[in-house]
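The block underneath contains the structure these notes are about, expressed in structure tokens.
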């Protein structure tokens, strides 16, 4: 049913507004949803359109155009207002917080693996790795600190690195053999 062939209802009355909303509401919502990209936002804009039409019902002149055209004019003005309002506000992107990102998880696993591997080294090898690798101290300084020749520091560091490689590789193999916890 359209109201184009009939006399326009009195949009200033509750029954008239209800009739107008029933007839033109779906097409107004569809028009607004295409422009806004959201049915929820379209519903709000159409509701505001009907409210403005009801408040200014005395301004509608059937001699100047149809009720449908008048409603679309109100709706278009509201859509322009919505677009201007959105353009005047700075766009922000939502903060995405994650407990741990994949890179962080990999780093944590690697550090735990390294800590476990370090515990399996002898005390002499742990000292050399600690001072040379983690402390970034020169071999000569480490030799003075430990009271051993520089060659011994280098030898211990070499064997400590080899032992760490074996322990880490063994840990990785064990981890891949374990069934995943459900």
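Answer with yes or no whether residue 68 is touching a residue at least 12 places away in the same chain (Cβ under 8 Å), out of contact with any strand residue (DSSP E or B) (no Cβ under 7 Å at 6 or more places or on another chain) and on the phi < 0 side of the Ramachandran plot.
Yes: the conditions hold for residue 68.
Tell me which residues, restricted to the range 104-136, are more than 39 Å from the chain's Cα centre (by Cα) and in a helix (DSSP H, G or I).
Within the range 104-136, 119, 123, 124, 125, 126, 127, 128, 129, 130, 131, 132 qualify.
Look at the range 150-182 and say how many of its residues are at pLDDT 80 or above, surrounded by fewer than 12 Cβ atoms within 10 Å (Cβ to Cβ) and more than 23 Å from residue 115 (Cα to Cα).
Adding up the residues that qualify gives 1.
Just one of 84, 64 is at pLDDT 80 or above and within 26 Å of residue 17 (Cβ to Cβ); which is it?
That would be 64, the only listed residue that is at pLDDT 80 or above and within 26 Å of residue 17 (Cβ to Cβ).
The values are calculated or read from the model by the stated rules, or taken from the named source; none is laboratory data. No experiment lies behind these values; they were computed from the predicted model shown. Using ideal geometry, Cβ is built from the backbone for each residue, glycine included, and neighbour counts are taken over all protein chains shown.
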